[in-house]
Structure formats: C-alpha cells, structure tokens
Amino acid sequence: MRKNIQLFCLIICSLPISGFTQNAPQSILGMVVSMDTTATMPVYAMNFNNISSCNLKLTYDPSIVEITSVTIGPGMGGIISTNLATPGIVILGWFTSGGIDLPDSSVIFSLHATKISNGLSSFQWIDDGYSCLYSDGSFTILNDSPTEDFYFNGSLVFQSPDAPVTTIPSISALAGTNLSIPVTVSNFQMIGSLSLSLQYNPLVLSYLSYDNNADFPGLEVDASEPGIILISGMVPVGDTAVTLEDNAELFALNFSYLGGYSELNWIDDGLSCHYSGSLPVYPLLNDTPQESFYSNGAVSENALPAGAGPVTGPVSVCAGETAVSYSIPEIEFATGYVWSVPDGSVIISGQNTNYIMVEFGSVPVSGDISVYGTNQFGSGNASSLYVTSNLPPQSAGPISGQQEVCRGQNPVSYSVQTISGTDSYNWSLPYGTTIVSGMNTNSIEVVFGPASISGLIMVSGSNICGNGPISEPLPVTLFSPPQLLEQPASPPVVYAGQGNAIFNLSAAGDGLTYHWQELNDEWTDLNENSLYTGVFTNSLRIVNPPVSLNGKHYRCIVNGVCLPEAISDGNAMLTVLLPVGINENYPVLNLQVFPNPFNQYFDLKLFFNRQADITIKITDISGRLISSTSATSDNIAHQTIRVNTIDLIPGFYLIKAIVKTENSIMIHTGKLVCYH
C-alpha cells in the first residue's frame with residue numbers, strides 16, 4: 001500500500017583490528033531496498049581519521065542494476081575520479097590535500113543506480129592488494145588487512161511496488177470427502193513476509209491441516225476460531241527473500257467436506273491481508289484495489305461428473321492411418337469415460353479412459369470424436385472434436401503458361417487448375433528459374449534469370465497423406481536478347497576509289513538480324529548496293545569509297561527474338577585519302593579548336609591558303625545534328641571562325657569541318673566538351 005519507497009539499512013559491526021600505528025577506515029556498503037526505478041547505494045565509513053586519499057573497487061550484478069555515477073559524501077571535499085566502463089564493476093579514486101576527519105557512520109561516497117530488472121544484487125569489495133587502499137595525511141598507505149575486517153559488503157534490491165495476486169479456487173466435491181484446496185500466487189517476487197486472512201462456513205467445511213508446498217520460511221496457520229483462518233510467514237534477517245513462478249502453489253488448506261455450499265473469501269481490512277518486500281526493510285507492498293490482488297473461491301456439492309474438457313488430437317488424418325491418439329484432461333468426479341468416433345473408424349485401445357487410440361478406415365470420413373464422463377449418479381456434459389480423414393491429392397491437370405520465353409523478361413505466369421485434396425503445390429522448374437510470387441499455390445509467377453536454361457515445368461499437389469501424381473510436363477524454350485560482344489572498329493585507311501573498308505560486329509543472341517547506318521546530319525539506314533554490301537549482316541563492306549565519305553561514322557542495329565535491340569556505339573569511322581600523286585596538287589588543311597572544353601563559344605582556326613567553302617556541323621554522340629555553320633575562306637594563310645554555343649547543354653559533342661575547294665574536299669572530325 002506504500003509506493004516508490006527507498007529505504008536504507010546500515011549494519012555496523014565492531015570487529016577487532018590488528019595493532020598498527022594507524023589502520024585504514026572501515027568501508028561499509030549499505031543494504032538498500034527500492035521500489036522506484038532508481039536508488040542510491042551509500043558507502044559509510046568508521047574510523048575515518050587523517051585520511052587524504054583512497055582507491056576502491058567493487059562489483060555488482062549488471063543484470064539487476066546499472067551504476068550511472070558516483071558522488072562524494074558531505075564533508076569529504078577533494079577530487080574524485082571514476083571508471084564505470086565495465087558493466088558490474090565500479091573503480092574510483094579520491095584525493096584531497098591534507099588529511100581530513102569524519103564522524104563514524106559518515107557517508108563518504110554515494111553510488112547512483114538505475115534499475116535494469118527486479119531482483120537482488122550483491123555489492124562486494126574487490127581487494128587484490130592495491131585495488132582497495134587508503135592513505136593518511138602524509139600519503140602513507142594504511143593497513144587494511146585482513147580485508148574482511150575493513151571492507152563490508154552490501155546489497156541493493158529493486159522491488160516491484162505491487163503485492164502478488166493470491167487465488168483460491170472454486171471447486172465441486174462429494175459430501176463426506178476430504179479436500180485439499182490449493183492457494184496459488186502470481187507476481188510473487190522478493191517477498192519477505194506475508195499475512196493472510198480467509199473466511200469460510202464452518203458448517204460446510206471442517207479445517208484439518210495445511211501443507212507448506214512452497215516451503216515459505218516461518219509459515220504458520222491459525223484456525224483456532226471456526227470460520228477464520230489466519231496465515232502468516234516471515235523470512236528471517238540474513239536469509240533471502242522468496243520468489244516463485246507464476247501460478248505456483250504457495251500452500252494448501254485441507255478440510256473435511258460436510259456438504260452444502262461455502263464461499264472462500266479473503267478478508268482485507270487494511271493489514272489482515274498484506275505482503276512485504278525484501279528484507280532487511282520489509283517494505284509494505286501495494287494491494288489496492290483488493291479485488292485485483294485477492295481472488296475468492298467457493299466449495300459446492302455436485303454429484304454428477306464435471307463437463308468434459310477439450311478433446312486434443314489431430315483434426316486431419318490419412319485414410320487407413322492407425323494408432324491416432326486423442327485425449328482430454330481427467331474429468332472431476334468421473335469414474336468412467338464414454339467415447340464415440342465417426343463411422344468407419346474404430347477405437348483400438350483406451351475406451352473408458354481419458355486417452356484413446358483410433359484406427360481410420362481406408363475410405364475417407366468426417367465426423368465428431370466426442371466423450372463424456374460418467375459415475376453412479378449419471379453423465380456429465382460431452383466435448384467433441386471434428387475430424388476428417390483424407391486421401392493423397394488427385395492428379396494435377398495441364399499447366400497453362402508461356403512456352404517461349406526471353407531470359408530476364410518481366411515475371412511469367414503459370415497455373416494449374418485446383419487439385420482436389422491439396423494443401424500445398426510443389427513446382428519443378430528449369431535451372432536458373434525463380435518463383436517470385438505464389439509459392440505453394442496453384443498459380444505462380446517466375447523469373448527466368450540470365451543463367452536459366454530451357455527445360456520442363458511440372459507440378460504436383462501434396463497434403464499430410466503425401467504427394468499426388470505429377471502433371472504432364474510443360475516444355476519451355478528460352479531465348480536471349482541481343483548482346484554486343486565486340487564493338488565495330490575503324491578499318492584501315494583506304495584511298496578514294498581504291499580498295500574496300502570492312503566494319504565487323506560480334507554479337508550473341510537468338511534470331512539475330514542486322515542493319516547498318518551511316519552518320520550524316522543524323523543516323524541514316526544504308527541500303528545494299530554497289531557501294532555498300534553486307535548491310536544486313538554483321539560485316540559491312542564499303543567498296544571503293546569516294547573521298548566524300550572520309551570521316552563518316554558507322555553503327556549497326558542488332559535485333560533478335562527478344563527485346564531490347566542492341567546498338568553499337570557509332571565510334572567506328574571511315575578514313576578516305578586522295579590517291580598518292582594527287583595530294584601534292586591539293587592544299588594542306590591545318591585546323592585547331594580553342595578552347596576545348598568550352599563554355600559559350602569556341603574558335604575554329606584554319607591555317608589554309610586557298611579559297612574554299614567551309615561547313616561546320618556539331619552533333620551529339622548519337623549522331624543527332626545540333627547546329628550547322630557555313631563560311632567562306634579567302635586566300636589568307638590564317639583565318640578564325642567563332643561558333644557561338646550558348647544554347648548547348650553541358651556534355652560531349654562531335655564536330656565535323658568540311659572544306660571544299662575547286663578541286664578537292666577535306667574533312668576534319670573531332671570531339672568537343674561543353675560545360676556551364
């Protein structure tokens with residue numbers, strides 16, 4: 001009835017100390033009981049005279065408590081350092097200039113704790129010779145041997161503020177019989193003492209004795225006043241408070257049942273029913289409201305068997321299965337049991353008991369397995385369990401779904417008609433195939449991975465009785481989309497009107513087709529003719545190309561049974577030179593682009609001393625024409641053409657400069673980089 005109470009207990013012992021010039025103080029850990037989530041563990045001292053420093057080390061149970069900080073006690077002053085890094089260990093050091101004196105029982109340190117769980121944690125000093133020591137005002141280490149005379153252990157209990165729940169049951173019995181009525185408890189944690197008062201009708205029940213089933217220390221029962229039973233118990237100081245599992249039997253009260261009806265009521269007038277927490281403090285625990293902590297019972301007369309409890313056993317079995325067990329809890333006051341099973345099933349053992357073995361026939365059946373109790377006065381209420389016997393699943397029908405599939409395409413659906421008697425569907429798929437939805441159902445979605453292979457899809461049904469026949473296999477053939485294995489390379493230089501330029505492409509996939517393109521202002525499909533051969537193969541041949549094709553780029557579009565199409569990168573370029581002996585009659589083109597990379601413009605510088613028409617084309621890397629600029633050069637050795645690019649977005653571009661003179665054509669190509 002009191003909450004959030006934190007109490008401290010100090011036990012100080014007077015022990016003999018060896019005769020040294022000066023001994024260390026006695027360090028005493030407190031004994032604390034807390035019903036809060038935090039607590040303070042004091043460290044007391046005796047004989048604290050002319051002390052200037054100390055080192056101390058102690059251990060505790062980190063599953064119960066966590067020490068979060070350590071503070072210096074009143075009158076200590078000085079400097080403290082702590083090490084709390086290791087759970088369950090406290091290491092501290094204290095120092096002051098000059099020795100100080102404190103009265104006996106002074107608190108020299110306070111350990112501040114947070115609850116981890118309910119329970120008791122011992123606090124024990126660890127003295128290995130240097131982990132615990134004191135020095136006087138001259139910093140002389142003081143005698144603290146033997147350890148047990150100078151360092152006294154303590155404990156901290158985190159206690160639930162609520163009392164246990166105490167229950168006495170309602171039972172039925174035959175007049176003239178002896179009854180043992182159990183009293184059970186829950187939330188019975190760290191209990192140091194108890195006091196209970198029970199009221200009954202002495203004309204119905206005659207008290208005989210009690211059984212201390214939990215061995216609670218000092219348990220006594222006083223039944224000297226008819227109709228009132230007083231129960232008490234207390235754990236002696238020095239022993240450990242008692243903790244029991246939920247629904248544990250604390251004690252049992254034995255009566256002679258005279259017949260009739262009697263209530264069993266707990267009486268709580270404030271202290272007549274109460275529990276106390278852990279020793280040595282024994283804090284009073286909350287038990288309000290009473291109905292939440294004390295559950296009443298009764299004794300009544302009933303000659304008939306009690307109703308049968310639930311039947312336990314499998315609800316789905318296989319036809320022809322034998323030795324299937326079914327049972328119920330023992331029926332109170334029953335001297336016999338009457339079982340019934342579905343037609344076609346037989347009880348092979350256990351009739352007239354609460355446990356039977358059943359054999360099911362080879363023909364599937366459904367029905368109730370039921371039972372009731374009997375005695376000389378009649379029968380009790382029955383309990384039933386509906387059961388079904390099954391055959392293995394029937395044969396699977398044909399599988400529906402796509403038979404020609406591209407690897408890596410979106411999930412592909414396959415299904416089979418519902419198989420009678422099936423609880424689960426077992427699918428068999430080709431290697432590399434994964435079910436992404438519908439696992440264990442009659443409709444699945446699968447993905448054919450890059451490494452998947454052609455094969456068969458099959459399915460069968462299963463239930464507790466086994467697997468049904470497998471479906472007719474559905475063959476699935478897999479195809480791969482086009483994949484470029486090797487990009488076309490630029491062929492060797494050819495002379496205008498002489499020789500062949502060949503562009504080769506290597507690709508993999510099913511049902512491949514090819515179509516080559518040439519980059520002009522944009523990518524243009526080629527047609528098979530005397531200039532271009534192999535346009536629809538993986539090898540394009542350009543026969544005796546004219547000089548006008550110099551600098552042209554070529555790419556190939558590859559299609560197949562499966563998407564997507566594959567397109568080569570378009571970097572392959574044809575270089576056509578004028579024949580030897582003609583070049584010397586033509587001007588030399590020397591061209592520079594600056595700056596590159598560029599921002600809003602670039603300059604095209606020509607070193608060329610002929611009159612010519614100049615066309616400057618800029619395309620993106622896919623071949624799409626972005627801009628075209630035309631100019632005419634004079635008979636000047638150096639000429640600069642500025643190209644404005646303010647509208648270009650940042651990226652990579654291709655430039656083609658076409659210079660046409662009266663008797664020649666020259667082409668310059670290159671790459672540009674634009675930034676903003």
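The values are calculated or read from the model by the stated rules, or taken from the named source; none is laboratory data. Please read all numbers here as calculations on a predicted model, not as lab measurements. Every residue, glycine among them, receives a Cβ derived from its backbone with ideal geometry; neighbour counts consider all protein chains shown. SASA here: full protein model, heavy atoms, side chains in, ligands and nucleic acids out. Shrake-Rupley method; radii C 1.70, N 1.55, O 1.52, S 1.80 Å.
Its Cα gyration tensor gives the stretch 189-262 an equivalent ellipsoid; the semi-axes, largest first and in whole Å, are 27, 13, 9. Ligands, DNA and RNA are left out, and with a 1.4 angstrom probe the accessible area of the stretch 216-341 is 44 Å² per residue. Work out which trypsin sites (Lys or Arg not before Pro) in the chain are exposed loop sites (DSSP not H, G, I, E or B, at most 14 other Cβ within 10 Å) and give the longest gap free of them. Maximal segment without exposed cleavage sites: 4-623.
Computed from point charges on the beta carbon alone (+1 for Lys and Arg, -1 for Asp and Glu), the dipole magnitude for the stretch 20-140 about its Cα centre is near 140 Debye. Here the 3J(HN,Hα) profile of the stretch 544-560, calculated from phi with Karplus coefficients 6.51, -1.76 and 1.60 at θ = phi - 60°, is 6, x, x, 5, 5, 8, 4, x, 6, 9, 9, 9, 10, 9, 10, 10, x Hz, Gly and Pro shown as x.
With every protein chain kept in place and ligands, DNA and RNA left out, what is the accessible area per residue of the stretch 51-193? Probe 1.4 Å, answer in Å². Each step should come with its number before you reach the end.
Working: 5730 Å² over 143 residues.
About 40 Å² of surface per residue is accessible.
For the stretch 136-183, the share of accessible area belonging to carbon and sulfur comes to 52 percent (1.4 Å probe, ligands and nucleic acids excluded).
Averaging 1/r across all pairs of distinct Cα atoms in the chain and inverting the result yields a Kirkwood radius of 37.7 Å.
Once the dipole of the chain is set up with Lys and Arg at +1 and Asp and Glu at -1 on Cβ about the Cα centre, which of 235, 551, 279 lies farthest towards its positive end? Working it through, the farthest residue towards the positive pole turns out to be 551.
Could you pull out the longest piece of the chain with no exposed loop chymotrypsin sites (Phe, Trp or Tyr not before Pro) in it, calling a site exposed if DSSP puts it outside H, G, I, E, B and it has at most 15 other Cβ atoms within 10 Å? Walk me through the intermediate numbers first.
On the way: sites that count: 20, 130, 139, 261, 377, 431, 536, 675.
Formally, the longest exposed-site-free interval is 537-674.
Inter-part distance, the stretch 535-568 to the stretch 258-314, computed on C-alpha centroids, equals 94 Å. Computed with the Debye formula from one identical point scatterer per Cα of the stretch 231-287, without solvent, the log10 of I(q)/I(0) at q = 0.19, 0.21, 0.29 Å⁻¹ comes to -0.94, -1.07, -1.35.
Note that the stretch 439-446 has calculated 3J(HN,Hα) couplings of 3, 6, 10, 8, 9, 10, 10, 10 Hz, one per residue in order, obtained from phi through the Karplus relation 6.51 cos²θ - 1.76 cosθ + 1.60 (θ = phi - 60°); glycine and proline are x. Semi-axes of the equivalent ellipsoid for the stretch 110-214, computed as √(5λ) from the eigenvalues of its C-alpha gyration tensor and ordered from largest down, come to 55, 15, 10 Å. In this structure the amide hydrogen of residue 298, modeled in the peptide plane, comes within under 5 Å of the amide hydrogens of 170, 171, 264, none closer than 5 places in sequence on its chain. Here, the stretch 331-467 has an Rg and a Dmax of 24.3, 78 Å when only alpha carbons are counted.
Electrostatic tally near residue 625: other residues with Cβ closer than 11 Å to its Cβ, Lys and Arg +1, Asp and Glu -1, net 0. Each eigenvalue of the Cα gyration tensor of the stretch 393-464, multiplied by 5 and square-rooted, gives one semi-axis; in descending order these are 23, 11, 10 Å.
When DSSP assigns beta bridges and you keep just the ones with both residues in the chain, what percent turn out antiparallel, to the nearest 5?
Numbers: 189 of 213 bridges.
For the chain, the DSSP antiparallel bridge percentage is about 90.
Based on the Kirkwood approach, the hydrodynamic radius assigned to the stretch 439-567 is 18.4 Å, with every pair of different Cα atoms included.
Quantify, in whole percent, the carbon and sulfur part of the accessible surface of the stretch 222-283 (1.4 Å probe; protein heavy atoms only). Write out the running numbers ahead of the final one.
Numbers: 1420 of 2750 Å².
Within the stretch 222-283, the accessible surface is 52 percent carbon and sulfur.
Since only 451, 626, 156 are under comparison, the one whose Cα sits farthest along the positive direction of the charge dipole of the chain, derived from C-beta charges on Lys, Arg, Asp and Glu, is 626. Taking a Cβ cut-off of under 15 Å around residue 73, the surrounding Lys, Arg, Asp and Glu residues balance to a net charge of -2, with basic ones at +1 and acidic ones at -1.
Just grab the label-to-label distance for residue 263 and residue 456, each label 7 Å out from Cα along the Cβ direction, in nm (one decimal). Going by the 7 Å Cα→Cβ label model, 7.8 nm.
Comparing 412, 600, 110 along the charge dipole axis of the chain, the residue lying farthest to the positive side is 600, per the Cβ-charge model.
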